[in-house]
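J.: One structure is given below, represented as structure tokens, and several questions about it will come after.
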Amino acid sequence: MFLRVINKILVLNPHADDGEFGCGGTVARLLQEGKEIFYAVFSLSEKSLTTGLPEDTHEKELYLAVKALGIPENNLIVFRYPVRDFPEYRQDILEKLVLLQKDISPDLVLLPSVRDVHQDHLTISQEGFRAFKKTNMLGYELPWNTTGFKNQAFIALDESHIVAKMRAVECYKSQKGKRPYASGEYVKSLAIVRGASINNRYAEAFEAIRIIV
């Protein structure tokens, strides 16, 4: 099985919360199986905060979410690029990704879909491919941002993985009421739909960007 030879995983998050929404259940499963997870976040999206919220709101939520998933705090890497401006920092982001490749040398990278239309997500996907093109890569699903997502790979999940994902998503209280997908109901519903594709109770779907066997 593919995941048996995977021991070190790097998750690329354009913003705090993208990884939780896109592959939080998979992260929970891999941690349960004893894999080592590194979590790189490229923006804390201060400009997107609702008026009146403290500037460090997303940062505090991120640390709570990472703890809920079980990722060691030492494996969290946070950059502070301005939200919605990633294309302007493309080369600098690439250089950071190349350093992550050298420092971590992951067996698998989870990153946004190549069909994600958000400019920050697409920048991380494109530059991530350049930096990790010799590494296994799966593109995670954020349905509200993708067009023509190709669900070519599925990772089967159980109830405990979905519960961990919902706990992590719930940490982003600043998103409640603003994002219809920021709810446990949405998380569980999508996991059931994806699970039905592989005759499993729950699953997460991915694009097979690069698989090396």
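J.: Pick out, from G25, H15, Y202, the residue whose Cα sits farthest towards the positive end of the charge dipole of the chain, with +1 on the Cβ of Lys and Arg and -1 on the Cβ of Asp and Glu.
T.: Y202
J.: Select from the range 1-97 those trypsin sites (Lys or Arg not before Pro) which occupy a DSSP coil region and have at most 14 other Cβ atoms within 10 Å, ordered by residue number. List each step's numbers first, then the result.
T.: Working: sites: R4, K8, R29, K35, K47, K60, K67, R80, R84, R90, K96; in loops: K35, R80, R84.
Answer by residue number: R80.
J.: Give me the dipole magnitude in Debye, nearest 20, for the range 1-62 about the Cα centre, with unit charges on the beta carbon: positive for Lys and Arg, negative for Asp and Glu.
T.: Working: 6 positive and 10 negative charges, 88 e Å.
Dipole about the Cα centre, nearest 20: 420 debye.
J.: Continuing with this model, one more query. What is the Cα centroid distance between the range 134-213 and the range 1-62, reported in whole angstrom?
T.: Here the two parts' Cα centres lie 12 Å apart.
J.: Any idea what diffusion coefficient the range 96-147 gets from Stokes-Einstein, in µm²/s, Kirkwood Rh on alpha carbon pairs, 4 °C, 1.567 mPa s? Show your work: numbers first, answer last.
T.: On the way: Rh = 11.2 Å.
Rounded to a whole number, D works out at 116 µm²/s.
J.: Restricting to Cα pairs below 8 Å that are 6+ residues apart, what does the relative contact order work out to for the range 2-210? Please round to a whole percent. Don't skip to the end; give the middle numbers.
T.: Values: 402 pairs, mean separation 52.8, N = 209.
The value is 25 percent.
J.: Here is a follow-up. In what sequence, highest mean first, do 114-126, 12-24 appear when ranked by Cβ atoms within 10 angstrom? Show your work: numbers first, answer last.
T.: Working: 114-126: 20.8, 12-24: 27.5.
Result, highest mean first: 12-24, 114-126.
J.: Classify the range 2-210 from the C-alpha gyration tensor, please: rounded if a/c falls under 1.5, else prolate or oblate depending on whether a/b exceeds b/c.
T.: Working: a/c = 1.37, a/b = 1.07, b/c = 1.28.
Cα axes put the range 2-210 in the rounded bin.
J.: Hey, got a sec? Which chymotrypsin sites (Phe, Trp or Tyr not before Pro) in the range 169-209 land in a DSSP loop and have at most 16 other Cβ atoms within 10 Å?
T.: Of the chymotrypsin sites (Phe, Trp or Tyr not before Pro), the ones in loops of the range 169-209 whose Cβ has at most 16 other Cβ atoms within 10 Å are Y181.
J.: Mind checking the dipole of the range 2-210: about its Cα centre, +1 per Lys or Arg Cβ, -1 per Asp or Glu Cβ, Debye to the nearest 20? Intermediate results must be reported in sequence, preceding the final value.
T.: Numbers: 27 positive and 27 negative charges, 99 e Å.
With only Lys, Arg, Asp and Glu charged at Cβ, the dipole is about 480 debye.
J.: Taking 24 Å as the cut-off for C-alpha to C-alpha distance, list the pairs among K133/K165; K67/K176; K60/K176; K35/K102; K102/K173; K8/K165 that go past it.
T.: K133/K165; K102/K173
J.: I want to verify a result. In a Gaussian network model of the chain, Cα cutoff 10 Å, which of these has the top mean-square fluctuation: R167, R130, R194?
T.: R130
J.: Indicate the gyration tensor shape class of the range 1-43 (rounded, prolate or oblate), computed on the Cα atoms with a ≥ b ≥ c the square roots of the eigenvalues: a/c under 1.5 is rounded; otherwise a/b larger than b/c is prolate and the rest oblate.
T.: Details: a/c = 2.55, a/b = 1.95, b/c = 1.31.
Prolate is the answer for the range 1-43, as a/c is 1.5 or above and a/b outweighs b/c.
J.: Work out the length of the dipole vector of the range 57-146 about its Cα centre, built from +1 on the beta-carbon of each Lys and Arg and -1 on the beta-carbon of each Asp and Glu, and round it to the nearest 20 debye. Don't skip to the end; give the middle numbers.
T.: Numbers: 11 positive and 13 negative charges, 39 e Å.
That gives the range 57-146 a dipole magnitude of about 180 debye.
J.: Count charges around E204 for me, please; just the other residues with Cβ under 13 Å from its Cβ, Lys/Arg as +1, Asp/Glu as -1.
T.: On the way: positive: R29, K165, K188, R194, R201; negative: E20, E141, D158, E207.
Charge balance near E204 sits at +1.
Only the coordinates and a few stated rules stand behind these numbers; no lab work does. Quick caveat: nothing in here was measured; it's all calculated off a predicted structure. We place every Cβ from the backbone using ideal geometry, glycine too, and count neighbours over all the protein chains shown.
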